[in-house]
Amino acid sequence: FRIATYLFASVSTTTLAFAPSSRTAFVRPFLATSAVHNQFTLSMSDSDRYSMPDQQARFARAKKESNERYLDITTVYDPAFLKGKRVAVTGANRGIGLALAKELTEAGAKLVAIVRSTSDELEKLNPDELIKGVDQTSNELCVDLEHAIKGGPIDILINNAGYFMREEETLDNLDFNEQLKTIDICAIGPLRVTSALLRAGALLDGSKVVMITSQGGSVTWRTTQNPDGHDYGHHMSKAAANMMAALLAQEVKSKGIAVGIFHPGFNKTGMTEKYKHIWEVEGAVDAAVGAKRIMHEAGKLSMETSGKFINCEDGLEIPF
């Protein structure tokens with residue numbers, strides 16, 4: 001049974017290992033026992049730090065334990081912190097981006113929507129600023145973004161825009177152009193946008209940058225989630241995005257800017273519709289719920305947690 005959640009969503013040179021029952025085991029770091037092999041052992045004390053790699057088992061455990069944080073985000077999420085905040089969202093015209101736009105508007109935030117093209121649903125929200133024509137694969141258009149934001153500094157930037165090749169990619173149908181396109185949009189694009197806002201002085205001390213990446217970017221989890229390989233471009237792009245975000249977190253630390261690396265969870269969107277036959281068993285949620293999960297973690301993001309790879313489903317870390 002293939003797990004479809006690779007669709008979504010401190011950096012160490014150490015290796016991590018799975019327990020023998022890898023489909024249900026936690027991934028846990030452990031102390032080095034050999035400088036030659038740089039191996040680690042699993043530590044039970046870290047079982048509450050890392051999320052489970054097996055999506056179906058993770059959801060089943062949440063139900064068994066009646067985990068309210070996982071099953072009903074409204075039991076912990078308080079959107080009050082968003083009122084009056086200027087929050088920029090890329091790809092706000094559809095999918096999880098549109099759900100974020102709706103959540104932010106309802107919470108009283110000042111929405112700055114950054115999109116390549118708009119939509120009727122987005123425009124009905126009457127964003128504080130609607131910046132159209134931003135193709136994040138274009139160096140020139142992203143540079144223009146420096147001058148496009150007129151309403152002042154951004155409190156939270158959410159890099160959400162992404163891309164995923166619809167066909168499953170195997171060695172039999174490798175598409176190198178699609179791979180490069182995916183990496184450009186998902187990994188380099190968010191860096192273009194973020195760097196443009198930094199140059200414009202729109203991200204200041206206390207600002208937050210949220211990178212919506214994916215658990216699909218965890219190299220450690222590939223043996224569980226992709227036991228047969230496949231989807232090279234998607235997973236390479238998400239791993240590259242995670243690395244970009246981790247490096248960014250280090251560089252902007254001195255500026256007082258926190259960077260969150262978030263797996264948004266399995267959301268019921270157009271991108272995942274072809275997998276709707278497993279939506280329920282793997283705990284997929286409506287995009288509106290996914291948006292609340294993301295904003296809950298954005299509220300918790302701090303300089304102490306900057307650069308960590310977080311699963312918005314349960315709030316636990318994902319190993320790189």
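The values are calculated or read from the model by the stated rules, or taken from the named source; none is laboratory data. What you are looking at is a predicted structure, and each value in this text was computed from that prediction instead of being measured. Cβ sites come from the backbone with ideal geometry, for glycine too, and all protein chains shown count toward neighbours. Surface accessibility is based on the protein's heavy atoms, side chains included, excluding ligands, DNA and RNA. Shrake-Rupley method; radii C 1.70, N 1.55, O 1.52, S 1.80 Å.
How about segment 118-142: which of its residues are open to solvent by 70 Å² or more (accessible area, probe 1.4 Å) and either among the acidic types (D, E) or part of a loop (DSSP other than H, G, I, E, B) (or both)? Working first, answer last.
Restricting attention to segment 118-142, the residues satisfying the condition of being open to solvent by 70 Å² or more (accessible area, probe 1.4 Å) are 120-121, 123-124, 126, 128, 132, 139-140.
The answer is D120, E121, E123, N126, D128, K132, E140.
In segment 267-298, which residue that is over 11 Å from I96 (Cβ atoms) and open to solvent by less than 20 Å² (accessible area, probe 1.4 Å) is farthest from the chain's Cα centre (by Cα)? Top of the filtered list is I278. What's the number of the only condition in (1) crowded, with 16+ Cβ neighbours inside 10 Å; (2) out of contact with any Phe, Trp or Tyr (no Cβ under 7 Å at 6 or more places or on another chain); (3) part of a helix (DSSP H, G or I) that Q179 fails to meet? For Q179, the failing item is (2). Pairing residues of segment 286-306 that are at pLDDT 95 or above and of a type in the set (G, A, S) with residues that are buried (at least 19 other Cβ atoms within 10 Å of the Cβ) and in a helix (DSSP H, G or I), at Cβ distances under 6 Å and at least 6 apart in sequence or on separate chains, gives A287/I96; A287/A99; A288/A99; G290/I96; A291/A99; A291/L100; A291/E103; S306/A249. Considering (1) at pLDDT 95 or above; (2) under 21 Å from I96 (Cβ atoms), the lone condition that L180 does not fulfil carries the number (2).
Scan segment 182-201 for residues that are open to solvent by 10 Å² or more (accessible area, probe 1.4 Å) and either in contact with a Cys (Cβ under 7 Å, 6 or more places away or on another chain) or in a loop (DSSP other than H, G, I, E, B) (or both) and the total you get is 3. I'd like to know if segment 143-150 contains one or more residues that are at pLDDT below 95, open to solvent by less than 20 Å² (accessible area, probe 1.4 Å) and not polar (S, T, N, Q). So far as segment 143-150 goes, yes, one or more of its residues are at pLDDT below 95, open to solvent by less than 20 Å² (accessible area, probe 1.4 Å) and not polar (S, T, N, Q). Look at segment 61-85: where a residue is more than 13 Å from E313 (Cα to Cα) and open to solvent by less than 70 Å² (accessible area, probe 1.4 Å) and a partner is assigned to a loop (DSSP other than H, G, I, E, B) and among the aliphatic types (A, V, I, L, M), sitting 6+ places away or on another chain with Cβ atoms under 7 Å, you get P79/A107; L82/A107; L82/A109.
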